[in-house]
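**Student:** Structure below; questions to follow.
Every number in this text was worked out from the coordinates using simple rules, so none of it is lab data. The shown structure was predicted, so the numbers you read here are calculated from the model rather than taken from an experiment. Counting neighbours? That spans all protein chains shown, and the Cβs are built from the backbone with ideal geometry, glycine included.
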Amino acid sequence: MTREVYVRLCEKAEVALAAGASIVVDAVFAAPEERSQIAAIARKLEVRSRAFWLEADFATMSGRVEQRANDASDADVAVLRRQLVYDLGEISWTRIDASGTREETRARVEAALASA
């Protein structure tokens, strides 16, 4: 199922980018091949892309997961624990500290975008 989700994300991203839209593809991207596939779409279409790897400590992440309500994600703390032991491989994406507020995280992403 995970593979199918990423295939669909990539298909939708490609359609949107080909139509000239700016997009955000929000997913875990834990596997190196998932990250490679999404990057390949931008290269294929010759569009500028930036990739961010959001990081926070376990207490912050688990607290956020526990507070979810009416969320599209089916992840709970058990899923989070499993994700934290994945072999992520090399992560070349810009790492962003996401342990603060949404506004602080957004400011960090905007600063990273401005410095590019």
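**Student:** Candidates (1) 20, 18, 15; (2) 24, 18, 14; (3) 30, 15, 13; which is the computed semi-axes √(5λ) of the Cα gyration tensor in Å?
**Tutor:** Structure-derived value, by its label: (2).
**Student:** Below 8 Å between Cα atoms, with a sequence gap of 6+, how large is the relative contact order for region 1-49 in percent?
**Tutor:** Worked out over region 1-49, it gives 39 percent.
**Student:** Please rank GLU34, GLU55, fewest neighbouring Cβ atoms within 10 Å first, as an exposure proxy.
**Tutor:** GLU55, GLU34
**Student:** Let me ask you something else. List the residues, sorted by chain then number, that are 5 or more residues from ARG95 or on another chain and whose placed amide H is less than 5 Å from its amide H.
**Tutor:** Residues meeting the criterion, in which the H sits 1.01 Å from N, are TRP53.
**Student:** Please list, ordered by chain and number, the residues whose modelled amide H lies under 5 Å from the amide H of PHE29; skip anything fewer than 5 residues away on the same chain.
**Tutor:** Residues meeting the amide H criterion: none.
**Student:** Taking region 1-49, how much of its Cα-Cα pair set, in percent, is spaced more than 15 angstrom apart?
**Tutor:** Here the long-distance tail beyond 15 Å is 38 percent of all Cα pairs in region 1-49.
**Student:** What are the ³J(HN,Hα) couplings of region 72-88, residue after residue, when phi is run through the Karplus curve with 6.51, -1.76, 1.60 and θ = phi - 60°? Round to Hz, x for glycine and proline.
**Tutor:** 5, 6, 9, 6, 10, 5, 4, 5, 4, 4, 5, 5, 6, 10, 4, 7, 7
**Student:** Something else: Give me PHE29, PHE52 ranked fewest to most by other Cβ atoms within 10 Å of their Cβ, as a rough exposure proxy.
**Tutor:** Exposure proxy ranking, most exposed first: PHE52, PHE29.
**Student:** Let me ask something else. Give me the dipole magnitude in Debye, nearest 20, for region 1-49 about the Cα centre, with unit charges on the beta carbon: positive for Lys and Arg, negative for Asp and Glu.
**Tutor:** 100
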